[in-house]
Each structure stands twice: as structure tokens, then as C-alpha cells.
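*Asks:* Here's a structure for you.
The values are calculated or read from the model by the stated rules, or taken from the named source; none is laboratory data. All values reported here derive from a predicted model rather than from experimental measurement. Cβ sites come from the backbone with ideal geometry, for glycine too, and all protein chains shown count toward neighbours. Just the protein is used for accessible areas: all its heavy atoms, side chains included, with ligands, DNA and RNA removed. Shrake-Rupley method; radii C 1.70, N 1.55, O 1.52, S 1.80 Å.
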Amino acid sequence: VQLQASGGGLVQAGGSLRLSCAASGSINGIKVRRWYRQAPGKEREWVAAIMTSGLINYADSVKGRFTISRDIAKKTMYLQMNSLELEDTAVYYCNINTLYGHYWGQGTLVTVSS
């Protein structure tokens, strides 16, 4: 099973983008779906998470601006990003943590311009 992330691009500060991450097949034992990002010259950081129960958490830096969601039937997770800031520029990665291991998407680049 592979995760395909999409939706990145160039956007002006204050704008919005929606990232998607689609699984190519069924994944068993899912515990949590997460989005991470890695800005140039920085370490990868966690952005948002949605548990199988539906519980959601966000990093403080994106709280109130980003929304994580999932469509189980479509095997897809999303990250709606509003009020984008220059500091949000990064490669965004989706991640699914299961009872048996992790799945990572290939990353999608988000560039926020002034």
C-alpha cells in the first residue's frame, strides 16, 4: 500500500490550500493519521493528528488555521490550510501509524509567498 500526497503549490500569504493523501489500498490496524512538515534546513515536525476515535490534535503553530480530516470510504485524509503564513512553507508529509508499522507519503511542497 502506498500513500499519495497531493495539493501542494504556491500560494500568497493569507491564502488557503487543501492537501490530500490517498491510500492505494486498504490499511489494517490504523491507530492514527498524521500530517508532518519539513521546512528548508529544519527537522521534520508534526502538524496535526486524527485518531481512529476521531480525536484531533494540532501543533500550536497551526491551531485555528489548519483542519485535519479523513474520508474512510475514500481511504483519504486531508489537511485544510487557511490563513497561510510564510513560515508554513515546507514539504508536507502524510503518515499513517498502524498496529504493524508506519506508512509515509512522498511529500507535497507548499510554498507561501509574500
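Matching residues to (1) polar (S, T, N, Q); (2) over 15 Å from LEU17 (Cβ atoms):
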position: ASN57; (1), (2): yes, yes
position: GLY64; (1), (2): no, yes
position: MET81; (1), (2): no, no
position: THR98; (1), (2): yes, yes
position: GLY101; (1), (2): no, yes
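*Asks:* Something else now. Give me the pairs, please: first residue somewhere in the range 9-32 and under 17 Å from GLN80 (Cβ atoms), second residue anywhere and open to solvent by 30 Å² or more (accessible area, probe 1.4 Å) and among the basic types (Lys, Arg), beta-carbon distance under 7 Å, and either six or more positions apart or on two chains.
*Replies:* These pairs meet every condition: ALA22/LYS75.
*Asks:* For residues in the range 56-79 being among the aliphatic types (A, V, I, L, M) and open to solvent by 80 Å² or more (accessible area, probe 1.4 Å), which is nearest to ARG34 (Cα to Cα)?
*Replies:* Across the range 56-79, the extreme among qualifying residues is ILE72.
*Asks:* For TYR100, which of the numbered conditions (1) open to solvent by 50 Å² or more (accessible area, probe 1.4 Å); (2) farther than 20 Å from PRO40 by Cα; (3) touching a Lys or Arg at 6+ places or on another chain (Cβ under 9 Å) fails to hold?
*Replies:* Evaluating TYR100 over (1) open to solvent by 50 Å² or more (accessible area, probe 1.4 Å); (2) farther than 20 Å from PRO40 by Cα; (3) touching a Lys or Arg at 6+ places or on another chain (Cβ under 9 Å) leaves (3) as the failure.
*Asks:* Separate question: Within the range 80-95, count every residue that is out of contact with any Asp or Glu (no Cβ under 8 Å at 6 or more places or on another chain) and open to solvent by less than 10 Å² (accessible area, probe 1.4 Å).
*Replies:* Of the residues in that region, 6 qualify.
*Asks:* Would you mention how many residues in the range 29-88 are over 21 Å from VAL1 (Cβ atoms), part of a strand (DSSP E or B) and of a type in the set (Val, Ile, Thr)?
*Replies:* Within the range 29-88, residues that are over 21 Å from VAL1 (Cβ atoms), part of a strand (DSSP E or B) and of a type in the set (Val, Ile, Thr) number 3.
*Asks:* Specify the residue that is nearest to ASP71 (Cα to Cα); the eligible residues are those in the range 1-55 that are open to solvent by less than 60 Å² (accessible area, probe 1.4 Å) and of a type in the set (D, E, K, R).
*Replies:* Of everything passing the filter in the range 1-55, ARG33 is nearest to ASP71 (Cα to Cα).
*Asks:* Further question: Could you tell me which of the residues ALA73, ALA39 is in contact (Cβ under 8 Å) with a residue 40 or more places away in the chain and small (Gly, Ala, Ser)?
*Replies:* Testing whether each residue is in contact (Cβ under 8 Å) with a residue 40 or more places away in the chain and small (Gly, Ala, Ser) leaves just ALA39.
*Asks:* Here is a follow-up. For the range 38-58, give me each residue that is aliphatic (A, V, I, L, M) and either over 13 Å from the mean Cα position of the chain (by Cα) or under 16 Å from VAL91 (Cα atoms) (or both).
*Replies:* Result: ALA39, VAL47, ALA48, MET51, LEU55.
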